[in-house]
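This report concerns only the one structure given below.
All of the numbers you see were taken from the coordinates with simple rules; none came from a lab. Because the structure is a prediction, the values reported are computed rather than measured. Neighbour counts are summed over all protein chains in view; Cβ atoms, including those assigned to glycine, are modelled from backbone coordinates with ideal geometry.
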Amino acid sequence: QQLSRQFLNTLFLWVYSKWHPVWEFSTKSFKELFGFGSKLLFSGLLDTIYKNIYYIVIGRFYTSAQLGQYTRAEQFNMIFSSNLTSVVQRVSYPVLSSIQEESERLREAYRKVIKITMLITFACMLGLAAVAKPLILILIGEKWLPAVYFLQIICFCGMLYPLHAINLNILQVKGRSDLFLKLEIIKKIIAVGPIVVGIAYGIEYMLWGSVLTSFIAYFLNSYYSANLINYPTSEQIKDILPTFLTSFMVAAFMWSVSFWNISVYALLLIQILAGILLALFIYEKLHLDEYLEVKQLVLTALKRK
């Protein structure tokens with residue numbers, strides 16, 4: 001499946017793309033592109049190693065059952081966090097790159113991307129944490145219940161991934177791949193702490209430590225990106241705080257419903273419907289710009305259907 005997917009992807013890109021390689025080589029272009037891209041390559045390799053080190057540590061110091069529970073929790077988390085992060089990176093980078101020389105316009109576009117992205121991300125990740133128990137019971141069964149707590153912790157870490165991606169995109173847009181690599185090295189050194197704690201005290205402590213390092217990573221990323229576009233971390237927090245508080249309150253209400261003694265199918269349905277209705281009610285009262293824009297996009301898409 002993987003080989004055929006990549007083969008077909010390459011084939012269709014070759015057929016439908018107007019660009020084709022020619023037998024010419026530019027040393028100047030190579031030096032320029034490699035100087036920028038090699039640092040991103042090393043950053044990506046470092047991040048990949050870090051993302052997989054948890055599997056190695058848990059597999060080495062804990063049981064295979066605990067590794068399985070963690071792996072399953074991470075897979076549920078990736079449905080939203082990784083896909084949202086991937087979409088944000090692919091969409092925001094070319095858009096922001098096209099206006100990189102227009103400082104004020106870049107700042108406002110960047111601000112809008114953050115506000116809209118985090119409205120969706122907070123809702124998805126905190127909502128997932130709230131419905132984790134009935135969702136796992138319905139989809140994969142009672143034997144996977146230990147993964148519920150792991151998933152709920154990981155969701156608090158994963159909700160910041162798209163925010164990391166947006167801030168790091170600014171470094172790329174401004175051509176600062178050197179700063180990008182420097183930040184990755186610093187963050188990964190800091191991230192060693194929770195791994196050591198996890199080995200000594202347990203998986204839960206390691207996961208909560210990763211939540212802490214995720215917040216630290218956000219402040220580091222936003223500090224450097226803020227200097228490039230005059231959008232301080234304090235303003236970023238002020239912009240996304242209303243959506244975070246709203247999503248947190250809605251998720252808390254959804255989670256409280258999970259204690260009702262009813263069928264898990266009915267419970268999950270009630271949680272989702274109650275969460276959507278409560279979130280819509282609050283956002284309609286708040287009239288946030290990012291909510292109104294998302295609402296308009298959804299209504300426009302529905303009208304086209």
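Each label was represented as a point 7 Å from its Cα along the Cα-to-Cβ direction; for GLN100 and LYS238 these points are 2.9 nm apart. Each Cα pair under 8 Å and six or more residues apart adds its sequence gap; the mean of these over the residue count of the chain is a relative contact order of 23 percent. For SER64 and TYR149, what does the FRET efficiency come to when R0 = 22 Å and r is the distance between their Cβ atoms, rounded to the nearest 0.05? After rounding to 0.05, the efficiency reads 0.75. Projected label points at ILE185 and LEU280, each 7 Å from Cα along the beta carbon direction, are separated by 5.1 nanometres.
Exposure proxy shown here: for THR246, THR300, the number of other Cβ atoms within 10 Å sets the order, fewest to most, as THR300, THR246. For the chain, the dipole from Cβ point charges (+1 on Lys and Arg, -1 on Asp and Glu) about the Cα centre works out to 440 debye, to the nearest 20. Dividing the mean sequence gap of close Cα pairs (under 8 Å, 6+ apart) by how many residues the range 1-130 holds gives a relative contact order of 17 percent.
Length available on full extension from GLN296 to PHE253: 0.36 nm per residue minus the Cα-Cα distance, which gives 12.8 nm. For LEU228, LEU40, LEU106, the sequence from fewest to most other C-beta atoms within 10 Å is LEU40, LEU228, LEU106.
Measuring from a point 7 Å past the Cα of ASN52 along Cα-to-C-beta, which residues in the range 190-231 have an amide N at less than 12 Å? Within reach of a label on ASN52: no residues.
Sorted ascending by nearby beta carbons within 10 Å, beginning with the fewest, TYR224, TYR110 become TYR224, TYR110.
Under the combined filter of DSSP loop state and at most 10 neighbouring Cβ atoms within 10 Å, the range 19-56 retains these chymotrypsin sites (Phe, Trp or Tyr not before Pro): TRP19, TRP23, PHE25. Per-residue packing, averaged as other Cβ atoms within 10 Å, sorts the ranges 270-276, 158-164 into the order 158-164, 270-276, beginning with the highest. In this rough spin-label picture, where each label sits 7 Å from Cα along the Cβ direction, the LEU40-ASN230 distance is 2.7 nm. Ordering of 80-91, 203-214 by packing is 203-214, 80-91, highest average first (other Cβ atoms within 10 Å, averaged per residue).
Considering only the Cα atoms of the range 47-293, their convex hull presents on average a projected area of 13.6 nm².
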